[in-house]
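Colleague: Sharing a structure here in structure tokens format.
The values are calculated or read from the model by the stated rules, or taken from the named source; none is laboratory data. None of the values given here were measured: they were computed from a predicted structure. Quick reminder, even Gly has a Cβ in these numbers, built from the backbone with ideal geometry, and neighbours come from all protein chains shown. Just the protein is used for accessible areas: all its heavy atoms, side chains included, with ligands, DNA and RNA removed. Shrake-Rupley method; radii C 1.70, N 1.55, O 1.52, S 1.80 Å.
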Amino acid sequence: MAAGFKIAEPLEYHRSFLKENCRPDGRELSEFRTTTLNIGSISTADGSALVKVGNTTVMCGIKVELTNPLVEAPGKGFIVPNVDLPPLCSSRFRPGPPGEQAQAASQFIADVIESSELIQTEDLCIERGKLCWVLYCDMMCVDYDGNVLDACIIALLAALKNTKLPGVTINKDTGAPEVNLEKRKGLNIHKHPVGASFCVFDDSILIVDPSAEEEGLSTSHLTVVTDEKERLCVVHKPGGTPLSAEKLQECIGRATARQREIQKLVDKVIQSVKTAQ
């Protein structure tokens, strides 16, 4: 009976739970799904991480390459993020070039990198005007069950903290770069941005960490990104119904608590890997 009601009237089905301040999966309205993290899982990448937020699974691999800096920014390197939402992660996505959601997610991650100052691109410069690093940060969703943006930010942060740059010296005689793969050093991570996503039901009920089904039924989406200094980095709200100042402040408060929780998880996993080595 309940299964039939869910299929015939999915919105009413969810409303029947929201009236009791809970959700169909058993969570409270302000409860995040279990988050797990594994780093260094792609041996062919220079840095990698696998993140699960509930069933939503995102893998991030980072490859580094040498390139020439731009003339207008001779002392800076590059960070190139890309989010891939392939058909294997959900039937809602189709084969072919990146869809609108994947392109929007890639731009969102680029905005987070820039506004949070996660990495200073000046740190990627090897020789001013001549040589710098470019970091290709590829995030692929393996299983999509909502809230892919939060999972992408966690995967990116953990993968960057796992990335090791090879040593590079410039040959004085030839001017050519010489790469030492044995002598590697980690990236200088300046800030630790973490996202918290929310959905609004019936223009008034706020829920955190929405599943794919909840995203489809909600009237508004919001993602808030903060760092360890409780600084607001990005507020991403792609249309939908407006939010009151009180609701927005509530979202920011929950986002700062989520940031502390995720940073502890990332630090714990990285420390356990170092101990194992």
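Colleague: I'm trying to understand the selection: among the residues of region 101-119, which are more than 17 Å from A159 (Cα to Cα) and either among the small types (G, A, S) or open to solvent by less than 60 Å² (accessible area, probe 1.4 Å) (or both)?
Modeller: A102, A104, A105, F108, S115 - these are the residues of region 101-119 that are more than 17 Å from A159 (Cα to Cα) and either among the small types (G, A, S) or open to solvent by less than 60 Å² (accessible area, probe 1.4 Å) (or both).
Colleague: Could you tell me whether any residue of region 38-53 is out of contact with any strand residue (DSSP E or B) (no Cβ under 7 Å at 6 or more places or on another chain), in a loop (DSSP other than H, G, I, E, B), within 22 Å of K268 (Cα to Cα) and at pLDDT 95 or above?
Modeller: no
Colleague: Of the residues F93, F108, which is within 22 Å of N55 (Cα to Cα) and touching a His at 6+ places or on another chain (Cβ under 9 Å)?
Modeller: The unique qualifying residue is F108.
Colleague: Taking the condition in contact (Cβ under 8 Å) with a residue 24 or more places away in the chain and either touching a helix residue (DSSP H, G or I) at 6+ places or on another chain (Cβ under 6 Å) or closer than 21 Å to Q101 by Cβ (or both), does V179 pass?
Modeller: No; evaluated as a whole, the condition is false for this residue.
Colleague: Scan region 12-33 and give yes if some residue there is closer than 27 Å to A159 by Cβ and at pLDDT below 90, otherwise no.
Modeller: no
Colleague: Let me ask something additional. Counting only residues that are within 15 Å of the chain's Cα centre (by Cα) and either closer than 17 Å to K274 by Cα or open to solvent by less than 40 Å² (accessible area, probe 1.4 Å) (or both), how many does region 23-46 have? Step through it out loud before you land on a result.
Modeller: Let us first name the residues in region 23-46 that are within 15 Å of the chain's Cα centre (by Cα), namely 35-39.
Applying the additional criterion that residues be either closer than 17 Å to K274 by Cα or open to solvent by less than 40 Å² (accessible area, probe 1.4 Å) (or both) yields 35, 37-39.
Number of matching residues: 4.
Colleague: Looking only at region 56-67, decide whether some residue is assigned to a loop (DSSP other than H, G, I, E, B) and either open to solvent by 30 Å² or more (accessible area, probe 1.4 Å) or modelled with pLDDT under 95 (or both).
Modeller: From region 56-67, those assigned to a loop (DSSP other than H, G, I, E, B) are none; that's our starting set.
There is no residue in region 56-67 that is assigned to a loop (DSSP other than H, G, I, E, B) and either open to solvent by 30 Å² or more (accessible area, probe 1.4 Å) or modelled with pLDDT under 95 (or both).
Colleague: For region 125-137, which residues satisfy the criterion of being surrounded by fewer than 20 Cβ atoms within 10 Å (Cβ to Cβ) and within 21 Å of I153 (Cβ to Cβ)? Lay out the reasoning, then the answer.
Modeller: Initially, region 125-137 is screened for residues surrounded by fewer than 20 Cβ atoms within 10 Å (Cβ to Cβ), giving 125-131, 134, 136.
Listed by number, the residues that qualify are V134, Y136.
Colleague: Further, regarding this structure: Need the failing condition index for P98 against (1) open to solvent by less than 70 Å² (accessible area, probe 1.4 Å); (2) more than 30 Å from P177 (Cβ to Cβ), just the number.
Modeller: (1)
Colleague: Take E122 and tell me if it is under 15 Å from the mean Cα position of the chain (by Cα), open to solvent by 10 Å² or more (accessible area, probe 1.4 Å) and over 24 Å from E261 (Cβ atoms).
Modeller: Here the answer is no, as E122 does not meet what is asked.
Colleague: Follow-up question, since we're still on this one. Go through region 70-85 residue by residue and tally those that are more than 22 Å from T35 (Cα to Cα) and either open to solvent by less than 20 Å² (accessible area, probe 1.4 Å) or of a type in the set (D, E) (or both).
Modeller: 3
Colleague: Given L149, L165, L156, L160, which one is in a strand (DSSP E or B) and either open to solvent by less than 40 Å² (accessible area, probe 1.4 Å) or among the hydrophobic types (A, V, I, L, M, F, W, C) (or both)?
Modeller: Result of the check over L149, L165, L156, L160: L165.
Colleague: Go through the residues of region 218-226 one by one and say whether even a single one is modelled with pLDDT of 95 or more and farther than 19 Å from T56 by Cβ.
Modeller: Yes, region 218-226 has at least one match.
Colleague: Filter region 210-236 down to residues that are in contact with a helix residue (DSSP H, G or I) (Cβ under 9 Å, 6 or more places away or on another chain) and of a type in the set (D, E, K, R) and give me whichever is nearest to V200 (Cα to Cα).
Modeller: Going through the qualifying residues, I end up with E214.
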